[in-house]
Amino acid sequence: MWRYLVGGLATLALVAAGVVLFNRSGRSVAALPSAPLAFAQSAAEGALPDSVPEASDRTREQKRFDRYDKDRNGAVTREEYLANRRKAYAKLDTNHDGTLSFDEWAIKAETKFAVADADKSGAMNATEFATTAVKRKSPRVRRDCPPAAAKAEPAGEGEES
């Protein structure tokens, strides 16, 4: 009889260990930070803000559309859409003849090579080549999720976007 009891307990221990290992990689959900002390005291006294600030209804795509729609007529024309490309092309066309030669097109790469080739040998060794790696930007920090309790601002003093 004791074999059945030990077998049952071992089975329960294995199941519990499996559950722990399975949930090990999951994130624990942190509780929201408590309200700032000043707001908590004013809420306890019954003094709430008169109005809640409205969030912008414009989506990211609507904002992007507005950047392209220069004349604000609700339509992006071909000229408006290609304006940024024309500016980039004009920067590359250094002799302003309306056509890009290979040298004009590759000037940025040639400049990067010349700067990286520190010993001016016409070839880059591994150390010099490593300097040509693209510098990655650090990931953008989201300011809205979750709000930090230490950086909480009093109501009405937040920055506008």
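The values are calculated or read from the model by the stated rules, or taken from the named source; none is laboratory data. Note that the structure is predicted; figures quoted are calculated from it, not measured. A quick note on method: Cβ atoms are made from the backbone with ideal geometry, for glycine too, and the neighbour counts reach across all protein chains shown. Ligands, DNA and RNA are stripped out before the accessible areas are found, and what is left, the full protein with its side chains, is counted by its heavy atoms. Shrake-Rupley method; radii C 1.70, N 1.55, O 1.52, S 1.80 Å.
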Would you mind stating whether Asn73 is at pLDDT 90 or above and part of a loop (DSSP other than H, G, I, E, B)? yes
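May I ask you to say which residue of Glu104, Glu153, Glu110 is at pLDDT below 85 and either closer than 30 Å to Val52 by Cβ or over 27 Å from the mean Cα position of the chain (by Cα) (or both)?
Numbers: Glu104 fails: at pLDDT below 85; Glu110 fails: at pLDDT below 85.
Every option except Glu153 fails the conditions.
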Filter result (among the aliphatic types (A, V, I, L, M) and either free of Cβ contacts under 8 Å to residues at least 12 places away in the same chain or closer than 20 Å to Phe65 by Cα (or both)) within the stretch 82-100: Leu82, Ala83, Ala88, Ala90, Leu100
So is Ala109 assigned to a loop (DSSP other than H, G, I, E, B), open to solvent by 60 Å² or more (accessible area, probe 1.4 Å) and under 30 Å from Thr131 (Cα atoms) or not? no
Residue by residue through the stretch 76-106, note down the ones that are open to solvent by less than 80 Å² (accessible area, probe 1.4 Å), farther than 23 Å from Gln62 by Cα and part of a helix (DSSP H, G or I). Ala88, Ala90, Leu92, Glu104
Could you grab me the full set of residues in the stretch 126-150 that are at pLDDT 80 or above and either open to solvent by less than 80 Å² (accessible area, probe 1.4 Å) or of a type in the set (Ser, Thr, Tyr) (or both)? Thr127, Glu128, Ala130, Thr131, Thr132, Ala133
